[in-house]
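*Asks:* I'd like to ask you about the structure that follows.
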């Protein structure tokens, strides 16, 4: 009997060694030769998990539990695998069993909460809060709680939980991201900027981060860095015309009209939608460079794209005002605009400009 026990112990050690060295299929063969169900079924299940055969892993976890219902570790691994294989209701049931065994284990609450989340069970938040109450350093539970409150716009609670989490782990990128989003949604752009910058310092890079960081910089009038972040969006998608349009607008803010023109021309080339706004912005950039003739053509294209675009219609007149020398011609332009758009708010500007031009003409006669 002693010899048999020693031989069995050696077989288990050999199988364990195969498992630990990553030789999982051979480990399964070795475990099946051991005649002790209490010792082998959960080991076989873990080996099947390692090679990605989840069906056989679940079968062996079930056998392990049937043989020994007090095998808490097997129950825990079984519950997690049920959740991983999208058997969420079964997973919740097994986690309930586990909590009957040890209610003070925070991970049982956390993992059960994840399964409930997938079932769209609104009580999942209670499990995450329980996990947090049992372990105030539980980063994953804190993240789920903060995310829950962010979705509901309860920003003060997002702040509360992210601050607790970051006290324990200041480089938790998930919590930093939630904090950044919470501040951004409240338009606390300076605070959000610091959090988004922290994410980039930690090596995080995504279209979401660079887009929001660009907006933060622009809101704080740092258009150079806003442009840098917009350009990073083009590294993800070289045909992102929204990013190009934003770059053009920001270049206008720093009076770099050549680059503003360049990026808006790229937008116009790529977009297959009404482009009145883009042509209008191109016209503005050209005007700033005193390319008035080209600007007029751009504004005309804007009106052609959208005949209701009175901004561009008025820009045509005001640009011709700069381009033409004859005062009577200028007056006629504004009169024609008023006649075409009598109810437009621009008509008052046109009337005021006509008055200025007539005074200018009168003074010229006096000289």
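Since every read-out is calculated from the coordinates, none of them should be taken as a lab result. For clarity, every value in this text was computed on a predicted model and none was experimentally measured. Methodologically, a virtual Cβ is constructed for each residue, glycine included, from the backbone with ideal geometry; neighbour enumeration extends over all protein chains shown.
*Asks:* What order do you get for 213-223, 320-330 when each peptide is scored by the mean count of other beta carbon atoms within 10 Å, highest first?
*Replies:* Descending mean neighbour count gives 213-223, 320-330.
*Asks:* So, one more: What is the fewest-to-most order of 178, 166, 73, 275 by other Cβ atoms lying within 10 Å of their Cβ?
*Replies:* Fewest-to-most Cβ neighbours within 10 Å comes out as 73, 166, 275, 178.
*Asks:* Can you tell me the relative contact order of the chain? Whole percent, Cα pairs under 8 Å, sequence separation 6 or more. Numbers along the way, then the final one.
*Replies:* On the way: 450 pairs, mean separation 18.4, N = 367.
Taking the mean separation of contacting Cα pairs over the length of the chain, I get 5 percent.
*Asks:* On a 0 to 90° scale, report how tilted helix 54-67 is relative to the longest principal axis of the chain, with both axes built from alpha carbons and the result rounded to the nearest 10.
*Replies:* It works out to around 40 degrees.
*Asks:* Related question: For a test of the definition: using alpha carbon positions, the gyration tensor, and the 1.5 limit on a/c, classify region 302-367 as rounded, prolate or oblate.
*Replies:* Judged from the Cα gyration tensor, region 302-367 comes out prolate (a/c at least 1.5, a/b above b/c).
*Asks:* Test of understanding: ordering 85, 32 by Cβ neighbours within 10 Å, fewest first, what list do you get?
*Replies:* 32, 85
*Asks:* Right, next: With Cα extents along the principal axes in Å as the read-out, I listed [x] 72, 59, 39; [y] 128, 40, 33; [z] 96, 52, 39; which label goes with the value calculated from this structure?
*Replies:* Of the labelled values, this structure produces [y].
*Asks:* Using only Cα atoms, what is the ratio of the radius of gyration of region 1-152 to 2.2 N^0.38 Å?
*Replies:* 1.22
*Asks:* Here's a follow-up. Normalising by the residue count of region 55-182, find the relative contact order in percent from Cα pairs under 8 Å and 6+ residues apart.
*Replies:* Values: 150 pairs, mean separation 18.0, N = 128.
It comes to 14 percent, rounded to a whole number.
*Asks:* For a quick check: sort 312, 25, 347 by the number of other beta carbons within 10 angstrom, fewest at the front.
*Replies:* Neighbour counts put them in this order, fewest first: 25, 347, 312.
*Asks:* While we're here: Under the definition of Cα pairs under 8 Å and six or more residues apart, what whole-number percent is the relative contact order of region 292-367?
*Replies:* Working: 51 pairs, mean separation 18.1, N = 76.
About 24 percent, as a whole number.
*Asks:* A follow-up question, please. Ignoring everything except DSSP H segments at least 4 long, calculate the 222 nm mean residue ellipticity for the chain; use -39,500 (n - 2.57) per segment, divide by total residues, nearest 500. Present the calculation step by step, with values, prior to reporting the outcome.
*Replies:* Values: 21 runs with 291 residues, N = 367.
Calculated mean residue ellipticity at 222 nm is -25500 deg cm²/dmol.
*Asks:* Give me the log10 of I(q) over I(0) for region 216-324 at q = 0.13, 0.17, 0.19, 0.20 Å⁻¹, as the Debye formula computes it from C-alpha points; what are the numbers?
*Replies:* -0.47, -0.77, -0.92, -0.99
*Asks:* Also: Which of rounded, prolate, oblate describes region 90-147, given a ≥ b ≥ c as roots of the alpha-carbon gyration tensor eigenvalues and a/c under 1.5 marking rounded, otherwise prolate only if a/b is larger than b/c?
*Replies:* Note, shape of region 90-147 comes out oblate.
*Asks:* By how many degrees, between 0 and 90 and to the nearest 10, does the Cα long axis of helix 155-168 differ from the longest principal axis of the chain?
*Replies:* Helix 155-168 sits roughly 50 degrees off the main axis of the chain.
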